[in-house]
Every structure is written in structure tokens, then in C-alpha cells.
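Heads up: the structure comes next, in C-alpha cells.
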Amino acid sequence: MADLMNVQAHVRLGSNAGQSMTRRDGVLKVTGRAPYAADRQPGGMLHAVTATAGIARGRVAHLDTAAALAHPGVVRVYTPANRPPLAEHPDTKIHGFAWRMEALQDDTVRYAGQPIALVVADTLEAATEGARLLNPRYEAEAPRIGLDGNTPYQPETVSIGRPPSLEAGDMDAARAGAARHLDTVVETAAQYHNALEPHAITAQWFGDRLEIDTPNQAIGLAKQSFATYLGIEPSQILIRSPFLGGGFGSKAILYGAQLLVVLAARDLDRPVKLALRRDQMFGPVGHRPATRQTLRLDLDEHGRIAALDHHTLAVASTFDDFIESASNASHSVYATTAMRTTHSAVRTDTGTPGPMRAPGEAPGSAALEVAIDEAAYALGMDPLAFRLLNYADTDPSTGMEFSSKALRECYERAADLFGWKDRPLEPRTMRQGRLLKGWGMGTAQFPCPMFQAAAHATLRADGSAVVETSAADMGQGAWTALAQIAADGLGIDIDRLEFRSGQSDLPDAGVAGGSGHTATAGTALFNAGADTVRQLADLATNDPASPLFGAGNAGVTARGGRLYRNDDESRSEAYEDILARAGLDLVRGEGKGAREGEAQRAMFSHGGVFAEVLVDPDLGQIRVNRLVGAFAVGRIVNPQLARSQLLGGMIWGVGFALHEEAIHDARTGRFTNNDLAGYHIPVNADIPMIEALTVHEDDPFVNALGIKGVGELGVTGTVGAIANAVWHATGVRPHRFPIHPESLI
Amino acid sequence: MNLFDYTRADTLGAAVGAEGALLAGGTNLLDLMKIGVATPSRLVDVTRLPLSQIEDHGGGLRIGAMVRNADLARHPQVLARFPAVAEALLSGASAQLRNAATTGGNVMQSTRCSYFMDPLSPCNRREPGTGCSAIGGETRNHAILGWTSGCIATHPSDLCVALAAFDAVVEIAGPAGTREVPMATFHPLPDANGVPPALAAGEVITHIRLPDPGGMARHARYVKLRERTSFAFAIVSAAAGIAVQDNRIVAARLALGGVAARPWRSTGAEAALLGQPPIETNFARAAELALQGAAPSGNNAAKIVLARRIAVRALTLAAAGTPDRMPALPASVFEGDDHG
Amino acid sequence: MTQTLNLTINGTTQTIALDDPRATLLDVLRERLGLTGTKKGCDRGQCGACTVLIDGRRMNACLALALSHDGAAVTTIEGLAEGDRLHPVQDAFLRHDGFQCGYCTPGQIMSAVALIAEAEAGLDPERVREGMSGNLCRCAAYAGITEAVLDATRTMTREDAA
């Protein structure tokens, strides 16, 4: 908090942003009244359930639709034979953020868990049983599963449209001059987002108008996509997505069953609801693919990194191209004279991977931080000292300056709180009773992208205001943080602000992803408010009856619902008085949020994460006993919400390091753990002590508000910190995530 | 889930011999019905049977089959005489599930073998003679003892491991009368074609009886290794009890969990401990005996090592004495060093 | 075949004509009675999002066959607050930011209410964390949840004493 009072960004935020106010949607959430898509029940609603493929490759030879239809309550069964037409093939990439999907276009099966029919019934129980009774017969082919399941290939792009490789500096020269090098291979497992809210949709047609309730991270884009596939105008569609029960990347992109439900609702002229079962979330809605990463660090005689080579082999699907850009996580963290990052991929019979909280960065950071720790130990150096020796003062991949980088302060604050200075260099030297104790660290880094957003602000005659943008709140706190920014843009108290959001008939707020939503939508909202205030100021300063008349070049400042003359604060006027005299009911402003032009600086959030683990030497069970991170994330809009986001990210790091792993049977391609009893995510008892600090950081370049992002940063650094702590405890270097107990004995 | 007829048995007479699947807490049966592994045409709800008492039984206890796991775990006499049973209960599932799940239901719960739980995979346990899909598949959690080419699944219960260790007896009522089976042998081991049912048609578990633990009451522990700190099935687990006089072991109990189709009681290991001082080398020898004949059923050789070590740990902790804690805590491998 | 089911939900006794014997308590609450505060996260007792109190005990409504609970008293998240006055546990979750997306929150809160009533965890954070481990939170608001439960325990203990 004290840090925030001293921020000197070039946009002045007023008294709303920077405060730890509780969530504006909090009462709705703690009373169970916050409406999620599956809570909707329009009159006459039918329930839909998808039947999913029990093979991973081949075709569906037969579905017993008669048995399903004979089940009491079943209304209709959709298969490729009778699926109503779409205006666009589900395999068409209608834009860069569209995935090829399965909407019963044919009888092909390309992964286990793929939807192969949709059963619609009066009750959920009947629809569920109807789907089971379809009892499919298949013509199956041998599936290709896992990192060694197929021949690797060179992808043309990685992530979403990014180049697959980068070379900076002279690798050969750098290697030739190096004193030593270190090779390491790290494998990471397939992970599934598993938002607690299963993907759901409720669709209802009113003539040619369509209303959809579905959680979505990019509401405006979703409207466009639905319109394209359905062959109708976007203006005919209203999407409501006020609350997402977690998204993490899996709710940014359309999936086939959403289209099927909309088609069924039109075909049957009834509202239709579908919620995926937990097991059905393993496949059609994205995942973080398994990777095998090969790193080589060349070090000069002083221990500085001369060359960094990071190659990633990632699992991909057979029918679309999302390649986990893990090697790119090495671009900008540590100084090096030369670097090369490359990717290859292996096409397997799984659903298409997609962005999952810190896509690329999470697995890439895990591998990089393990390699860095190995290098530090090989040199006999403290891991923090080694990182400081290789501190990147400019971005080594581009040579650009950083827009801001308070990473040294992060290391210092977190190391201090953690007690890092007492760490012995050698592993397996610390004990707590019978248990082995180890300390490890990692560097957190995540880029600060901005997308496109628009917003409206309307100031009303009574001095209250309404602001509008179709932002998505998936738990990060958009309802609160964006309102805080908007209130400051308008110069009013937040209690006088009504925030309309979460549906598609509002100005497009872009995507809630990439940790860029608060910066992007926040900028749009702030600008809309500022536009409104500018109009208000024009009214007042041109009105001889106003105490602000003739302020001219001195200008005015807006705060607390009044305008003040900058050159004489005793002269001010309330918004409602300005409007009343002008005879206006309202003043309306517009704003946009986007980054202007090509970035001239490297823009990242940073952090240092320190972990203490206890390991049972006989049984290998690991406990993350303490986890401390300090983060530099630019201006913090709401410290309490930012802390929650950072802690959440760090706990995702715990899951990545110790728990999360989706397993296929290689013979059938089916999962053996597609439920929450088998696919482990951390429980409360796994998190004994965790803290996230933030350090002061003023960034005048990242955007006008100085806001970076907090949503994904915490995952990075943490995985490596835990793995390095496990090594320090046991002397066994983890090269595979998650770290299993039996690998340590 | 298929349609079924629902009936309720309010008396034991109505339950015994009733056709259909017995529904108690529902935490396992309903789950299996949802995934299509159990497809009963009739459910007989036995939750109202008058079997919810925990009674004194000559220094031991007689536990009604409908006693909920949570109630059993916090019962003062369980804590006083069978603390390892309380520890085992609290090591399993979640507070919500323990409030619903019953003693009888826990004993009758199905394996968590992912192939058993996948109706598309052939499974001798589900359908005798169809084969075992787990063999050659993902077998990290599968059996290392007592398995056959017909089935390599394990029994997932924590409670049953502690019950088996402390000589529990299962009381069964059937159309042909009542019978008793020791907990340690209640769950049949697989043969080459499948696994015989533990109960005959129409039989109902009525009680679990635990005999007087004697000097082991305050020297009994349950230890569980799992991937998460809580709410996860065991990789391996062990229940142990020890009674010592003049630095010599006069009674010993040891059962392993997560290793076989039943809780793996090792009377051989127990016998080897008698008359010996309660020291780690002796525990290690006992553990060696307990794992005699163990063999990996797939990529799970590490479990043999882990099982041996957790047996040593349980015996060591039991010898040290059960901590005086009310209520009990789940048994953590970390406990005793960093807290508690 | 319709079967009759009596439930006392949040203090009000209702007779429900149940259209399907397969219905779980969770689907009765959500789909038949419009009490959608109770959430479905996994439908298999593995996440805790559907936690309600049945005769005062916390249970997973998804694994409770409705017919088997004929005559039971059920408390859901909708039954906690008194008008606009939040239950101390709800209030503590709000103040400690014990949630993010909010989807697991009704289940967390019902579980916490029961945990406090069970009076076994007290103010021991280790026991609170263990006792709340049947409620997964994918946003991972665990630190806030634990703080909220401890805070509410203190508040409710004071209220009881007063």
C-alpha cells in the first residue's frame, strides 16, 4: 500500500484504484446468487448430453439411436445423419483464435472423448441415460499417444501464430568461447484446466434472435464466431457471461457441443441446456500438452551464460495446430550473448491443446529454472548469486530495454522474508527431524500484452455514472478492479458507479487472457471516463455561470464528483450542477484500450519465488512447507485481489510440480484418470504457508495506466523453485513433472 | 444411469434375501451407477436398518454396519481402544464423504482400478472371463501381492486395513443364516478368470466386531503414503499394533493397504516380532517377511520398496505409542517431526 | 412413475413429486426446485462444490440419492444469510477474499459452517486445512479460505459466549 501512494505514473488515478476493496460481486458469490450458465432454467427447457467417443482414432460404425429414443423422456438424438446444417464447416479456421472442432460433421473419431452424438431429453437423467444407450460400435485404428507416439515434425507456428524459432547472437562463436556446458532434459506432463465450473451453455431462440448463456473469456469474439457458424448477423445474438466459474484459457475458444446445443434449440424450438461432465472436459476444451525440453547452457569462465539453447518437443493433435511455445520462456529471463530457441511437435490422437494459464511460459520456465539451478551447482554458486550474475539488464532476445524491471527488489524482498541467506550450497544437508529439508528458487516472468477493448461511460444528471464493456470475470476480479479504474477515469466515488459488463451487447472488451485484460479493458474504461470528464469540463469552463468559467489553459481536475480549477482549488463545481445548468440528462464518453504501434521496449512482469520442501527420505512424499514470492507487476489496482491472483498462480505451480498429470492408456488412447479423484489438483492441506509480496514498480511505458498483469505470473518460477528445493532436500534432480514420490527413493 | 426400482428395507428381515443392490451411503454405488459400471435394476435402501450402534463387546467393540465413517472415527471408545482405526478413517476420502459412507459400505467398496471403472475395458472383476485390461496398461497403482493374470486390482479402503490388522470379524446375515468371516480374508483374492463375490446373493453385512486390543490400544498406528496431503487414495499404507513387556514384543499386528485385492495382513511378520525388542532392525525384518512373494504386476516395482518401508514406519510409530490427540488426525508421513 | 419425497429445505417442509428415481439431491435442488446456489463440479463426490448440510452434516449432494433422504432436513447456501445479514462464515469469506471465480464457494462455505459446528478443528490451521480438503478450489484461494474459516470460528465462538 505504501508503495502505491508513491506511484508517479503519468496518468493520475484517484482514490478508488489502489485500494483493497472487497469484491463488488462478493455478496452474490457468498450467497449462491451469482448466476452461472448452468443455473439458467428458462421455461420449457430441455437437457442435452453429449455421447463421447470410446476410441481415439477411427470411425463410429453404429449408434443405437433407437434404444436412446425409446428411453422415457428422450426427445431427439442428433448424429451426423441428422445434425441441422451449419453455415460454416466446424473445421474451418474462421479466424486465428478459432479451433477446429467436432460438431457431428462426420463419423470420424480423432480423439477419445470427442462428442459423437447429442441426446436431448426432458430431464438430465433421461438425456444422460439416452447417451449411454447409444452404445457405439467403432472401426478403431491403433492410436498414436504420447511424446514418442509419432514422428516429430516442424511446425510453421507455435502458440497462436508465433514463429517457431529464434536465434539471437552468434551461437557458434559463443559456444566456442565457452568454458563449459551443461545439458539437461526435462519432461512435463499433459495437464487439463479443470475449472471447477464445467463448460455449460443454455441457448434459447426468440424467432431469429438467439440468446446464449455460456461462460466465455472473449465474449465479443464468441458472438462473431457463433454468427459465422450459424450464418446469422452478430446483432441477432446476445451472449451473457457475467460469471465464469474459472476459465484458465479453456473458455476462450468455442467447442463443438456449443454449436450443437444452439442448433438443437432452434430445431426443437425450445431452450436447451448442456453442461459437460467432468470426464468430458478431457478432450474437446483444450489442455496443456506434454513436452520434452532439451536445454544446453554454455558458460564462460566467470559463470556467465554465453549461449542458451532451448528446444521443445510438444504433443499436438492430428487436426489442428497449437504448439506449446515452451522454449520461448527462455527468451528474456537471463542475459546471454547468444540464444537459440526451437520447437518441434508430434501429432497424436488427442484433442487439440490450447492456452492454459501461462501457456508456454509455465513448462518452459519449469525446465529453464531446473537447468539454471544445475548450472549454479556445477559452478559451486548460490542459485540466487548465479541468477544475479546473469541478470538481464536488457532483453537478450531483442536487445531492447525493459519498460520496467524491479526483479532485483523482488529477489531481495522474497529472499529476505524466506531466510535464503542461510542456505547451504550442498544438497541433502538440511533436516527437520527425520525429514529432509530443501530450499530452492526460481525466477517468475510473464509478458504484458495488450489487446483491443472499447468502453462507454455515461454520467447521469444525479452525478452517478454507468460504464459499459463486455469484460469477463473468471475470478480475477474484473467486476471490482475494472470498476475501480472506471471510477477514477470519471472522477467519482466507486459507490456512485454502475458497471455493466459480461454480455455481448456492450462494447467489446476483448479477451480475458494473456494477463492483459485489466490493462486493456481498464484503459478503455479509463479513457471513456476521461472523455466524459473532458466534455463536462468544456461545458463548465465555457459557462459564465460556472465557478470554473475561463479556466482555460490552467485546466481542471476531476475527483469526488466535482471539477476543480487546477490554479485555484477553492473554485469547483459538482457534476450534477454542471449538467443541470446545461439542461442535460447525461454526458456520454467513449474510450479505447490498445497498445499504440510496435512495442519499443520489452514488457514483462517479474518475480522471485522461494520454496521450502520437506521430503520423507524413505517414502518420498513431498510437502511444500513454505512458498514465498515477491512480484513486480507495475501499478496494482486492488492489492487484495492481486495477491489472490498471485497466490493462485503459485499454487498452480505446486500442482504442476507435484500433482497434475493426465494419463492415457497407450493401447486405447482413453484416459485412465479423467476425473478429479485421479487427476490431482492441490487441496487445501497441500498449502501450509504461502505468501506473495509485491514491490513498487512504476512503468510509464507498458500502458498509460502503468498496469502489468498478475494472473499467470505466479505459475512461472514456482515450479522450478519447488523442483530445485526437492533436489536440495534429496540430492535427486527432478527431470520429470509431476515429481512422483517413488522417483525420490 | 439406468432406471431402477427403489425400495427401502427398514428391518434386517426385509434386507436379507432382498433382490437388488444394497444402497447405504451411496458414495460408491451411486458413483459406479453414474459411470455405467453398476447397472442394478433394483436398489434396496438399507440406510434405515437399525444397525447404527457401536457397542462394547468384551473389551472390544461391535460396530453396526450402518455406522457412518465420521461417527466411527470420533467415537470415544474407538479412539481409546482402536486409535489406528480412527486414523485410517480420517485418512480416507473427505469429511463430506465420511459423513455419508457407512462401515458396511466401506468394506464393500469396489476397487479404483481405472480399467474396472471404464465399462469399455474388458475386466474379469466386472465380467468374469473377459480378461484383465490393466495388465500391460497403466499399473502404477496396482497390486504387488496376491494378484493373478486374472486381476491385478487393489482394494482401496483405509479402514479395512486397520480392521484387518486388529482381528476384525465381519458378521453376515443371509437367507441361510448368519456367518462370520475374518476381515483379513473377507475380500477374495482373484483367480485366473476373475474374483469371486465376497457375499452370496441376499447376504447383508450386519456388524464388524473388533476384539479386545489388550496392550496394543495405545500402541497402534495407521500410516498412508499418497500424492496429495489429503483426499487421495493410498499409494501404499500400513496399520500396525505393538504390545511390549520388558522391552520384548508380546503382541504385534501388521496389515498393508494399496498392495492387494484385500488388506494384506501378515501373520508371518507378526510372529517373527514376538519376543524381540521393538527396534528398527526387527521391524525391517518383519516388513521383509510381509512383502515375501511380492512381485510387480506392471510398472509398479517401486511399490514393493515403499510397502516395505511404510510397514517399518507403522511399526516404529506404533512402538513409540499413539499420540494422545482428541480428536484423531489422519496419519501423515510428516507427522511427528514437523508438528504433532 | 412418480414417487413422493418430503424434504425440509432451509426450514420449509416441501412435498416433492419426484419424476425420476435416479435424481440426486443435487439435481432435485438445482433442476427441480431452482435452488442453483449449490453447484455441480464433478458430480462424483470428488470436488465438494455440491456440499450441503443433510440433517446438520455436510455431505456431497451429488452422491445423495434424493429418495434415500426422504424426510431429511437440508440446508443449502440459500439458507444461511438472514435477509441481508450475512452468516459469519459468508462475511469472513468476503473479507478474506476466500474465493475468486466463486463457483466452489457455496460448497466451501457450507463445508466451513459444518467444520465449525463439528468443533474439532478449533483454531488450529492445520486441522482447518485438513478439514476443508474435501472442497477443491481451482482458483486456489486456499490461503483466504483458511483465514476466513479461522476468523469465522473466532467470531462464532464469541457470539456463542455472549
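Listed by position, the strands (runs of 3 or more DSSP E) contained in segment B:1-120 that have at least 1 residues being at the interface with chain C (Cβ under 10 Å from one of its Cβ atoms) and surrounded by fewer than 22 Cβ atoms within 10 Å (Cβ to Cβ) are B:5-8. Scanning segment B:134-151 for residues that are of a type in the set (G, A, S) and open to solvent by 20 Å² or more (accessible area, probe 1.4 Å), we see that the one that is nearest to the chain's Cα centre (by Cα) is B:G146. For the condition open to solvent by 10 Å² or more (accessible area, probe 1.4 Å) and not in a helix (DSSP H, G or I), B:T185 does not qualify.
Of the residues screened, A:A454 is one that is crowded, with 23+ Cβ neighbours inside 10 Å and touching a Pro at 6+ places or on another chain (Cβ under 8 Å).
Inspect segment A:477-496 for any residue being without any contact (Cβ under 8 Å) to a residue 60 or more places away in the chain and basic (K, R) and give the result as yes or no.
Initially, segment A:477-496 is screened for residues without any contact (Cβ under 8 Å) to a residue 60 or more places away in the chain, giving A:478, A:482, A:486, A:495.
Then drop every residue that is not basic (K, R), which leaves none.
No - not one qualifying residue is present in segment A:477-496.
Of the set (1) more than 17 Å from the chain's Cα centre (by Cα); (2) in contact (Cβ under 8 Å) with a residue 24 or more places away in the chain, all apply to B:A21 but (2). Taking the criterion of being more than 9 Å from chain C (Cβ to nearest Cβ), open to solvent by less than 10 Å² (accessible area, probe 1.4 Å) and not in a loop (DSSP other than H, G, I, E, B), would at least one residue in segment A:655-663 satisfy it? The answer is yes; a qualifying residue exists.
Candidates A:L389, A:L407, A:L435: the one that is in contact (Cβ under 8 Å) with a residue 12 or more places away in the chain and within 14 Å of chain B (Cβ to nearest Cβ) is A:L435. For segment C:50-59, a residue qualifies if it is in contact (Cβ under 8 Å) with a residue 24 or more places away in the chain, out of contact with any His (no Cβ under 8 Å at 6 or more places or on another chain) and under 15 Å from C:T24 (Cα atoms), and the qualifying residues are C:C50, C:T51, C:V52, C:L53. Picking from residues in segment A:592-603 that are touching a helix residue (DSSP H, G or I) at 6+ places or on another chain (Cβ under 9 Å) and open to solvent by 10 Å² or more (accessible area, probe 1.4 Å), the one that is farthest from A:G560 (Cα to Cα) is A:R595. Annotation: A:S743 fulfils all but one of (1) more than 14 Å from chain B (Cβ to nearest Cβ); (2) open to solvent by 10 Å² or more (accessible area, probe 1.4 Å); (3) polar (S, T, N, Q); the unmet one is (1).
Picking from residues in segment A:670-698 that are free of Cβ contacts under 8 Å to residues at least 24 places away in the same chain and in a loop (DSSP other than H, G, I, E, B), the one that is farthest from the chain's Cα centre (by Cα) is A:T672.
Which ones in segment A:613-647 are facing another protein chain (nearest Cβ under 8 Å) and within 27 Å of B:V333 (Cβ to Cβ)? Once the filter is applied, which keeps residues that are facing another protein chain (nearest Cβ under 8 Å) and within 27 Å of B:V333 (Cβ to Cβ), segment A:613-647 yields A:L614, A:D616, A:D618, A:L619, A:G620, A:Q621, A:R623, A:N625, A:L647. How many of the residues making up segment A:571-581 are assigned to a strand (DSSP E or B), of a type outside the set (S, T, Y) and open to solvent by less than 40 Å² (accessible area, probe 1.4 Å)? The number of residues fulfilling the criteria is 2. Pairs meeting the criteria (first residue in segment B:1-17 and among the acidic types (D, E), second residue open to solvent by 50 Å² or more (accessible area, probe 1.4 Å), beta carbons under 8 Å, at least 6 apart or on different chains) are B:D5/B:S41; B:D5/B:R42; B:D10/B:R48.
Taking the condition more than 7 Å from every other protein chain (Cβ to nearest Cβ) and touching a residue at least 40 places away in the same chain (Cβ under 8 Å), does C:D97 pass? It would help to see each step written out before you state the result.
On the way: more than 7 Å from every other protein chain (Cβ to nearest Cβ): no; touching a residue at least 40 places away in the same chain (Cβ under 8 Å): yes.
Spelling it out, it is not the case that C:D97 is more than 7 Å from every other protein chain (Cβ to nearest Cβ) and touching a residue at least 40 places away in the same chain (Cβ under 8 Å).
Residues that are over 30 Å from the mean Cα position of the chain (by Cα), under 23 Å from A:V533 (Cβ atoms) and either β-branched (V, I, T) or outside any loop (DSSP other than H, G, I, E, B) (or both) within segment A:428-485 comprise A:T458, A:L459, A:R460, A:A465, listed in sequence order. Within segment C:65-76, if we keep just the residues that are in contact (Cβ under 8 Å) with a residue 40 or more places away in the chain and among the hydroxyl-bearing types (S, T, Y), the residue that is nearest to the other protein chains (Cβ to nearest Cβ) turns out to be C:T76. Among the residues of segment A:253-267, just one is touching a helix residue (DSSP H, G or I) at 6+ places or on another chain (Cβ under 8 Å) and under 22 Å from A:S159 (Cβ atoms), namely A:L254.
Being within 14 Å of another protein chain (Cβ to nearest Cβ) and assigned to a loop (DSSP other than H, G, I, E, B) is the filter here; which residues of segment A:78-113 pass it? Residues satisfying the conditions are A:A112, A:G113.
Of the strands (runs of 3 or more DSSP E) lying entirely inside segment A:155-222, those containing at least 1 residues that are in the same structural domain as A:E233 (by TED's automatic domain parsing) and β-branched (V, I, T) span A:200-206, A:209-213. Suppose the filter is modelled with pLDDT under 95, open to solvent by 60 Å² or more (accessible area, probe 1.4 Å) and within 14 Å of chain C (Cβ to nearest Cβ); does A:Q8 pass it? Answer is no for this residue. Among the residues in segment B:156-175, are any under 29 Å from C:A61 (Cβ atoms) and within 14 Å of chain C (Cβ to nearest Cβ)? Checking segment B:156-175: at least one residue is under 29 Å from C:A61 (Cβ atoms) and within 14 Å of chain C (Cβ to nearest Cβ). The condition of being open to solvent by less than 40 Å² (accessible area, probe 1.4 Å) and within 24 Å of A:R460 (Cβ to Cβ) does not hold for A:L584. Taken over segment A:122-162, the criterion of being among the charged types (D, E, K, R), open to solvent by less than 70 Å² (accessible area, probe 1.4 Å) and either within 14 Å of another protein chain (Cβ to nearest Cβ) or on the phi > 0 side of the Ramachandran plot (or both) is satisfied by A:E125, A:E129. Checked against (1) in contact with a Ser or Thr (Cβ under 8 Å, 6 or more places away or on another chain); (2) part of a strand (DSSP E or B), A:I492 passes all but a single condition, namely (2).
Among the conditions (1) within 9 Å of chain C (Cβ to nearest Cβ); (2) open to solvent by less than 10 Å² (accessible area, probe 1.4 Å); (3) of a type in the set (S, T, Y), A:T716 misses just one, which is (1). Does any residue of segment A:547-570 turn out to be among the β-branched types (V, I, T) and open to solvent by less than 10 Å² (accessible area, probe 1.4 Å)? No: zero hits.
Go through the residues of segment A:244-262 one by one and say whether even a single one is touching a Cys at 6+ places or on another chain (Cβ under 7 Å) and either surrounded by fewer than 23 Cβ atoms within 10 Å (Cβ to Cβ) or of a type in the set (A, V, I, L, M, F, W, C) (or both).
Within segment A:244-262 (the criterion being touching a Cys at 6+ places or on another chain (Cβ under 7 Å) and either surrounded by fewer than 23 Cβ atoms within 10 Å (Cβ to Cβ) or of a type in the set (A, V, I, L, M, F, W, C) (or both)), the answer is yes, since at least one residue qualifies.
The values are calculated or read from the model by the stated rules, or taken from the named source; none is laboratory data. In this text the structure is predicted, and so the values were computed from the model without any measurement. As a convention, Cβ positions derive from the backbone with ideal geometry for all residues, glycine included, and neighbour counts pool all protein chains shown. Note: accessible area is taken over every heavy atom of the protein model, side chains too, but ligands, DNA and RNA are not part of it. Shrake-Rupley method; radii C 1.70, N 1.55, O 1.52, S 1.80 Å.
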